[in-house]
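Novice: Just dropping this structure here.
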Amino acid sequence: MVIKRGEPGKRDEGYLTGRLLIAMPGMRDSRFARSVVYLCAHNAEGAMGLVVNKLLDSVNFEELLQQLGIENRRGGEPISIHFGGPVESGRGFVLHSADYRQDSTLEVDGRIALTATLDVLRDIAQGSGPRQHLFALGYAGWGPGQLDQELQDNGWLVADADERLVFDADQAAKWEGAIARLGIDPARLTFDAGHA
């Protein structure tokens, strides 16, 4: 999927860039069960987002930096690696606060941005990266009209995003927290789609 740069902070009418997709309880694709996806791009050509509440246990950030030849001078809490989605699972993406910027950075909504270069990893390892960040391998992608169809088929709920929910370290609470923001009790949700 090609991500086109729109006007920063401005959403295309009818599209969901900068919002959260919340998997319905009956999500049929097990890779997305109880997932929360931050949509980095959504337009007529398709959609691209990162799952923000599922961690990968098979890789750790320290090992990844060593493989890339990047020295880690940053102290503090270890950085987790997220399962960003099933597409290009070996490619890394950093979703981060908009206080950090490179030429290749895609500003999604004025508060959150996306950078997919080694430079952002170097800056994070040096302690000079973005204030908040989430590192993911892979992404979730949809072709033209595919996400729209999944929404019509009652596969996803849509909610506004905020930095606290996207970057919160409590991965297990993100799905329920996102649904709670909509004022919905998850126990009352059904996957059955209704069409008039």
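The values are calculated or read from the model by the stated rules, or taken from the named source; none is laboratory data. What you are looking at is a predicted structure, and each value in this text was computed from that prediction instead of being measured. Note: ideal-geometry Cβ built from the backbone for every residue, glycine included; neighbour counts use all protein chains shown.
Novice: Going by what's in this entry, would ARG73 be described as surrounded by fewer than 19 Cβ atoms within 10 Å (Cβ to Cβ) and either in contact with a Ser or Thr (Cβ under 9 Å, 6 or more places away or on another chain) or under 24 Å from GLU45 (Cα atoms) (or both)?
Specialist: No.
Novice: GLY110 versus (1) surrounded by 13 or more Cβ atoms within 10 Å (Cβ to Cβ); (2) in contact with a Gly (Cβ under 6 Å, 6 or more places away or on another chain): which is the lone unmet condition?
Specialist: Every condition holds for GLY110 apart from (1).
Novice: Moving on. For region 108-140, give me the residue count where each residue is over 23 Å from ARG73 (Cα atoms), at pLDDT below 95 and small (Gly, Ala, Ser).
Specialist: Residues that pass the stated criteria total 1.
Novice: Can you pull out the residues in region 53-105 that are touching a Phe, Trp or Tyr at 6+ places or on another chain (Cβ under 9 Å), modelled with pLDDT of 95 or more and of a type in the set (Phe, Trp, Tyr)?
Specialist: The one that is touching a Phe, Trp or Tyr at 6+ places or on another chain (Cβ under 9 Å), modelled with pLDDT of 95 or more and of a type in the set (Phe, Trp, Tyr): PHE93.
Novice: Would you confirm whether any residue within region 141-156 is in contact with a Lys or Arg (Cβ under 8 Å, 6 or more places away or on another chain), buried (at least 18 other Cβ atoms within 10 Å of the Cβ) and among the aromatic types (Phe, Trp, Tyr)?
Specialist: No, that holds for no residue.
Novice: Could you grab the pairs with beta carbons closer than 8 Å, sequence gap of 6+ or different chains, first residue in region 120-149 and in contact (Cβ under 8 Å) with a residue 60 or more places away in the chain, second one among the basic types (Lys, Arg) and not in a loop (DSSP other than H, G, I, E, B)?
Specialist: LEU137/ARG91; TYR139/ARG91
Novice: Residues being in contact (Cβ under 8 Å) with a residue 24 or more places away in the chain and within 30 Å of ILE179 (Cβ to Cβ): count how many of those fall in region 47-97.
Specialist: Qualifying residue count, region 47-97: 31.
Novice: Looking at region 119-163 only, could you name the residues that are more than 18 Å from GLY84 (Cα to Cα) and assigned to a helix (DSSP H, G or I)?
Specialist: If the condition is that a residue be more than 18 Å from GLY84 (Cα to Cα) and assigned to a helix (DSSP H, G or I), then ASP119, ARG122, ASP123, ILE124, ALA125, GLN126, GLN146, ASP148, GLN149, GLU150, LEU151, GLN152 are the ones that fit.
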